[in-house]
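Readers should treat all values here as calculations from the given coordinates under stated rules, not as data from a laboratory. The model shown is predicted, which means the values in this text are computed figures rather than measured ones. Neighbour counts run over all protein chains shown; Cβ positions are idealised from the backbone, glycine included.
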Amino acid sequence: MNRYILSLSDDKQLVSGLISLIEQGIDVLRVKALLFVALLCKNSRRWLPHFFCNAKLISDVDRLGKEKEGFIHHCTEAFVQLVASLVPGILDTVSSDIQQVMVGKRHGPVTALAGRAHPKSTIHLFPVILHLLGSASFKHRVVTGHVLLQLANLIKILEAPFQVLFKNLTVDIKDVKPTYLLKDRLREVEGNPYFSNKDVTPSQTHVVAEVPSGTIPSLTHMEQQPEISANSCILV
């Protein structure tokens, strides 16, 4: 069966066709399309971004989740539960891939992300998690104690390089604000052959204040340089 599912990747209309069935098809076809999407995603994670980074599908699933008709409601619940069960595994592999990239074990993250047929990295699956967390139907199933712990660990992994950077800049990460690093600071010049400590003066630490509007006078009519038209240049 895997061989037949893999051959479906060549069908460029498959994703749009299934989403159209879920949105506009009769009840039986809508449910069958949902189950087929679940089968594809369970068989291969490469399908996840195609479906769950699509706002239309997320909206359709949220709408189906409100259906009171028993058949559609139960099938939608099963679909949501199956997709939510994939999230912990995705976060594990995403965290592992990010760690490998950061320690230099994987030297080709760009190539890996660009490979659509056989991606070597799962980092591109993280937007799927973000879309699921923004869905009314998925977020209550996705957010568990285990997933929250995984997200916290992922944030720590991503935060580590910035902590080292701020430590080298003698900046406390807790004090960082959007405009903090825009201030002129004493340059770290140790070990730099092109600069010496003599080049750093106290005046470099001053922050240039914003000039209030209206304090710079506008040019008068006589001070403005007259424009020279192309015709006048030709006459000269």
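Here are the numbers for the structure shown:
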| item | result |
| --- | --- |
| Unsatisfied cross-links (Cα-Cα over 29 Å) in the set Lys32/Lys156; Lys42/Lys68; Lys12/Lys68; Lys12/Lys32; Lys66/Lys156 | Lys32/Lys156; Lys12/Lys68; Lys66/Lys156 |
| Amide N proximity, region 74-89 versus Val28 label position 7 Å along Cα-to-Cβ, cut-off under 20 Å | 74-76 |
| Positive-end residue, region 18-100 charge dipole about Cα centroid, Cβ charges, pick of Phe79, Val28, Phe52 | Val28 |
| Using a Förster distance of 41 Å, the FRET efficiency for Lys68-Thr93 (Cβ separation, nearest 0.05) | 0.65 |
| Sequence ranges 131-140, 150-159, ranked by mean other-Cβ count within 10 angstrom, highest first | 131-140, 150-159 |
